[in-house]
Amino acid sequence: MTSSDIQIEQRGAVAVIRLNRAAKRNAISDKLVLAIRDAFVKLPAGTRAAVLHGAGDHFCAGLDLSEIQERDAGAGLHHSRMWHAALEEVQFGPVPVVAALHGAVVGGGLELAASCHVRVADDTTFYALPEGSRGIFVGGGGSVRIPRLIGVARMTDMMLTGRVYDAADGERAGFAQYLVPQGQALAKALELAERIAQNAPLTNYALMHALPRIAEQPADQGYLTEALMAAIAQSAPEAKERVRAFLEGRAGKVSKG
């Protein structure tokens, strides 16, 4: 699947999805947000993990402000809900998604990155939420997802003061799980995605769909949901074979490094 705004390349079991508006720093237009939605709804058969990255010098500089129109409250509500629907397909789609970050991860770009499951940043990455200084508010799910990465206080500070996090401070704050040298984020993301693609599909599904919900449940409900998901995952034929291989010495043991 290829369009002017997004490109998808299949590398074995990994779908590599590239935002393709380099001249606009991959700013997200309405057309692009719908293309992101469609890309994750229509992943090629056999895909077991995905990598999301941006062409050019930046991952994504946020909402394409050149498209902003004066909207009444109803139109603004529906526009935000369009973003919600698209990013739900990233977070709660069929496969885990690894984001390869570089350059600007700003505004809506940070909202997009936060909808992915693993984030790899290189040394050029920086994070910001300029909506506060522009008189607007996040509308792509950022008020839900970003505090779960960095906490409410940090997000509040970013929006009130315009604070920008560089790559190193961003990793410490929780924006990314991995930090690599300049130009190496995509390679690292592909390495991780290929490893993720080898997991049992039901385990990956549980991590994507059950774990975030368990984290939001009261403890007694979370324990029951966990037990149900564990029972389902371990009943799969592939899971049984993997356990059997370990018990018979055909699978490697966990080791340091």
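The values are calculated or read from the model by the stated rules, or taken from the named source; none is laboratory data. Bear in mind that the values here come from a model prediction, so they are computed numbers and not experimental data. Neighbour counts are summed over all protein chains in view; Cβ atoms, including those assigned to glycine, are modelled from backbone coordinates with ideal geometry. Ligands, DNA and RNA are excluded from the accessible area calculation, which covers all protein heavy atoms including side chains. Shrake-Rupley method; radii C 1.70, N 1.55, O 1.52, S 1.80 Å.
The table that follows gives values for the structure above.
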{"item": "Those residues of region 50-88 which are acidic (Asp, Glu) and either surrounded by fewer than 19 Cβ atoms within 10 Å (Cβ to Cβ) or farther than 19 Å from ASN26 by Cα (or both), in sequence order", "result": "ASP57, GLU67, GLU70, ASP72, GLU88"}
{"item": "Failed item in (1) surrounded by fewer than 22 Cβ atoms within 10 Å (Cβ to Cβ); (2) more than 23 Å from ARG145 (Cα to Cα), with ILE6 passing the rest", "result": "(1)"}
{"item": "Helices (runs of 4 or more DSSP H) contained entirely in region 196-257, each with at least 1 residues that are of a type in the set (D, E, K, R) and modelled with pLDDT of 95 or more", "result": "211-216, 219-235"}
{"item": "Lone qualifier among LEU101, LEU63 - being closer than 23 Å to ARG163 by Cα, touching a residue at least 24 places away in the same chain (Cβ under 8 Å) and in contact with a Lys or Arg (Cβ under 7 Å, 6 or more places away or on another chain)", "result": "LEU101"}
{"item": "Yes/no for LEU110 being over 16 Å from LEU186 (Cβ atoms) and in contact with a Phe, Trp or Tyr (Cβ under 9 Å, 6 or more places away or on another chain)", "result": "yes"}
{"item": "Number of the exception - GLU111 against (1) open to solvent by less than 30 Å² (accessible area, probe 1.4 Å); (2) in contact with an Asp or Glu (Cβ under 8 Å, 6 or more places away or on another chain)", "result": "(2)"}
{"item": "Scan of region 11-20 for residues that are surrounded by 15 or more Cβ atoms within 10 Å (Cβ to Cβ) and either out of contact with any Cys (no Cβ under 9 Å at 6 or more places or on another chain) or in a helix (DSSP H, G or I) (or both), ordered by number", "result": "ALA13, VAL14, ALA15, VAL16, ILE17, ARG18, ASN20"}
{"item": "Residue satisfying condition, being surrounded by 14 or more Cβ atoms within 10 Å (Cβ to Cβ), of a type in the set (A, V, I, L, M, F, W, C) and without any contact (Cβ under 8 Å) to a residue 12 or more places away in the chain, within set LEU202, LEU211, LEU186", "result": "LEU211"}
{"item": "Failed criterion for ALA153 (all others in (1) in contact (Cβ under 8 Å) with a residue 12 or more places away in the chain; (2) more than 13 Å from VAL106 (Cβ to Cβ) hold)", "result": "(1)"}
{"item": "Failed item, numbered, when VAL33 is tested on (1) assigned to a helix (DSSP H, G or I); (2) modelled with pLDDT under 95", "result": "(2)"}
{"item": "Residue in region 119-133 that is open to solvent by less than 20 Å² (accessible area, probe 1.4 Å), of a type in the set (Phe, Trp, Tyr) and part of a strand (DSSP E or B) present", "result": "yes"}
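For every residue, the table says whether it meets (1) out of contact with any helix residue (DSSP H, G or I) (no Cβ under 7 Å at 6 or more places or on another chain); (2) open to solvent by less than 70 Å² (accessible area, probe 1.4 Å).
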{"site": "ARG154", "(1), (2)": "no, no"}
{"site": "PHE175", "(1), (2)": "no, yes"}
{"site": "ALA215", "(1), (2)": "yes, no"}
{"site": "TYR223", "(1), (2)": "yes, no"}
